[in-house]
1. VAL56's amide H: which non-local residues (gap 5+, or another chain) put their own amide H closer than 5 Å, with H modeled 1.01 Å from N in plane and none for Pro or chain starts?
2. Which distance in nm do the two modelled labels at LYS68 and VAL39 give, with both placed 7 Å along the Cα-to-Cβ direction?
3. With Kirkwood's inverse mean 1/r over C-alpha pairs for Rh, give me the Rg to Rh ratio of region 25-67, two decimals please.
4. How far apart, in nanometres, would the label points at GLU59 and VAL87 be if each is projected 7 angstrom from Cα along the Cα-to-Cβ direction?
5. In nm, what is the difference between 0.36 nm times the number of residues separating ARG79 and GLU50 and their Cα-Cα distance?
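Bear in mind that the values in this text are calculations on the coordinates, not laboratory data. Everything quoted here is computed from the prediction, not taken from an experiment. Note: ideal-geometry Cβ built from the backbone for every residue, glycine included; neighbour counts use all protein chains shown.
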Amino acid sequence: MAGDLRLKSATPRDASRKSRATLGTGRQNVNAHMPGKVVRVLVREGDAVEPGSGLVVVEAMKMQNEMKATRSGRVVEVRVRDGDTVVAGEALVVLE
């Protein structure tokens, strides 16, 4: 068994970094992670956002989850209002 065997380990964190690196341009939908109720919309169309900026607060299973921007950009569209019910995967905000 004389061969050159090289192993490469990868973690979910590595994949996450790669996917974040490709988010630099174009439109991006910020989606609900689970079904719930919109408690508060934190941005308006035209607002500039930075990575980590809060966009929408969704209450699910009696916990409030803040959906955050993953990159810098501008809010192109807000698709929900306070009090709306959302399903998992539904687009809440569109960034550009």
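1. So VAL56 has HN proximity to LEU42, MET67.
2. Placing both labels 7 Å beyond Cα along the Cβ direction yields 1.6 nm.
3. Looking at region 25-67, the ratio lands at 0.99.
4. 2.2
5. Gain in length upon complete extension: 8.5 nm.
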